[in-house]
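Data block below; observations after.
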């Protein structure tokens, strides 16, 4: 396995990626530079389903627990595929796939305690599942009928954030509040916060401001970066000259890179990081080294900027298949178990589909509600003009 110094620099025969659109050679060079994850990658379950140990991060897992993690990932993937299909059928305005990132999200989500708080971006459907939010509850945002139908206080899961990186500032402020309120320390009820963002968000100022504030105030905050190799159409090697986890060093807190396709390693590292934060030793940056196997969103066409060879290579590292292989090798699951999980997944998809098509279209004036705490004459005038315009169409319906 190559050293960090080697895999963060272009090869001698590869041109620097300076063009607006990377060439095929640049994409291949980037793939070869990142497909291993580097010498510091924490891994407990290989792509072949072999259990390995780690000197600093290991975990005891029972057959029942591993079956539960497998079920989580299968159901979350099925929900993701169903939502993707619903968008293609015109039932959703947009969908943000998580295909390939199930282990990163389930591993981190299951590491959270009930008292902890999570701040997602817009792709954390798996973390939402771990926080007790059903997939159909997310669909309203992507159909335009609501802004999130769950109670963020009850579920300890903030609404989705569309503005890239903005949730990091929100999470930093919340974690600082946990520190100020004395909810950090040796007490069993100590709290921590986990914030999720992608590799592309690390180029946003909001993320770095969150790093600064969390570091200065020693906030109990785990920054969880899902490095899925592509910030829409830009590969990671064009975003940073160093591995992303090493950026934490410049802010004065630890950074660690974990195999984001390994649910066991992600769970172990996330548990450790959250406990460090609860004890007052935070913040910590986790870079989950994974891969986006689908488009950035359903409005994106990844075939325009990456090669199929790259996708085929990462299919061999599928996060679900490696757990399935391990379960079979250990004789911890039989065909009846796998069939029951598939049946549960199909039932979940049916529930999502029925819920989605039954959602009522809100009235046009709804977009003007809850903008301000009090009535605003300018907004009222805009609403009246907008409704009058709509009333002029056939039928006079809003």
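Could you tell me whether the stretch 252-266 includes any residue that is modelled with pLDDT under 95, surrounded by 15 or more Cβ atoms within 10 Å (Cβ to Cβ), assigned by TED's automatic domain parsing to the domain that holds residue 63 and touching a strand residue (DSSP E or B) at 6+ places or on another chain (Cβ under 8 Å)?
no
Got a sec? Which helices (runs of 4 or more DSSP H) wholly within the stretch 107-179 have at least 2 residues that are closer than 22 Å to residue 220 by Cα?
125-130, 152-155
Residue 248 - would you say it is assigned by TED's automatic domain parsing to the domain that holds residue 315, outside any strand (DSSP E or B) and crowded, with 22+ Cβ neighbours inside 10 Å?
It is false that residue 248 is assigned by TED's automatic domain parsing to the domain that holds residue 315, outside any strand (DSSP E or B) and crowded, with 22+ Cβ neighbours inside 10 Å.
Any residue at all in the stretch 189-206 that is touching a strand residue (DSSP E or B) at 6+ places or on another chain (Cβ under 9 Å) and closer than 29 Å to residue 365 by Cα?
no
Yes/no per residue for (1) buried (at least 21 other Cβ atoms within 10 Å of the Cβ); (2) within 10 Å of the chain's Cα centre (by Cα); (3) modelled with pLDDT of 95 or more; (4) under 28 Å from residue 363 (Cβ atoms):
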| residue | (1), (2), (3), (4) |
| --- | --- |
| 110 | no, no, yes, no |
| 116 | yes, no, yes, no |
| 120 | yes, yes, yes, no |
| 124 | yes, yes, yes, no |
| 132 | no, no, yes, no |
| 135 | yes, no, yes, yes |
| 142 | yes, no, yes, yes |
| 145 | no, no, no, yes |
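If residue 320 meets every condition in (1) over 30 Å from residue 101 (Cβ atoms); (2) touching a residue at least 12 places away in the same chain (Cβ under 8 Å); (3) surrounded by 12 or more Cβ atoms within 10 Å (Cβ to Cβ) apart from one, which number is that one?
Unmet condition: (1).
Scan 197, 180, 211 and give me the residue that is crowded, with 22+ Cβ neighbours inside 10 Å, assigned by TED's automatic domain parsing to the domain that holds residue 276 and more than 26 Å from residue 102 (Cβ to Cβ).
Being crowded, with 22+ Cβ neighbours inside 10 Å, assigned by TED's automatic domain parsing to the domain that holds residue 276 and more than 26 Å from residue 102 (Cβ to Cβ) holds for just one of 197, 180, 211, which is 211.
Mind listing whichever residues of the stretch 273-313 are out of contact with any strand residue (DSSP E or B) (no Cβ under 8 Å at 6 or more places or on another chain), assigned to a helix (DSSP H, G or I), modelled with pLDDT of 95 or more and surrounded by fewer than 19 Cβ atoms within 10 Å (Cβ to Cβ)?
Residue satisfying the conditions is 275 alone.
Sort out which residues of the stretch 214-228 are touching a residue at least 12 places away in the same chain (Cβ under 8 Å) and surrounded by fewer than 21 Cβ atoms within 10 Å (Cβ to Cβ), and write them in order of number.
Step one: of the stretch 214-228, the residues touching a residue at least 12 places away in the same chain (Cβ under 8 Å) are 214-215, 217-228.
Within the stretch 214-228, 215, 217, 218 meet the criteria.
Please enumerate the residues belonging to the stretch 327-339 that are in a helix (DSSP H, G or I) and surrounded by 12 or more Cβ atoms within 10 Å (Cβ to Cβ).
Within the stretch 327-339, 327, 328, 329, 337, 338 qualify.
The values are calculated or read from the model by the stated rules, or taken from the named source; none is laboratory data. Remember, it's a predicted structure, so these values are computed and weren't measured experimentally. A quick note on method: Cβ atoms are made from the backbone with ideal geometry, for glycine too, and the neighbour counts reach across all protein chains shown.
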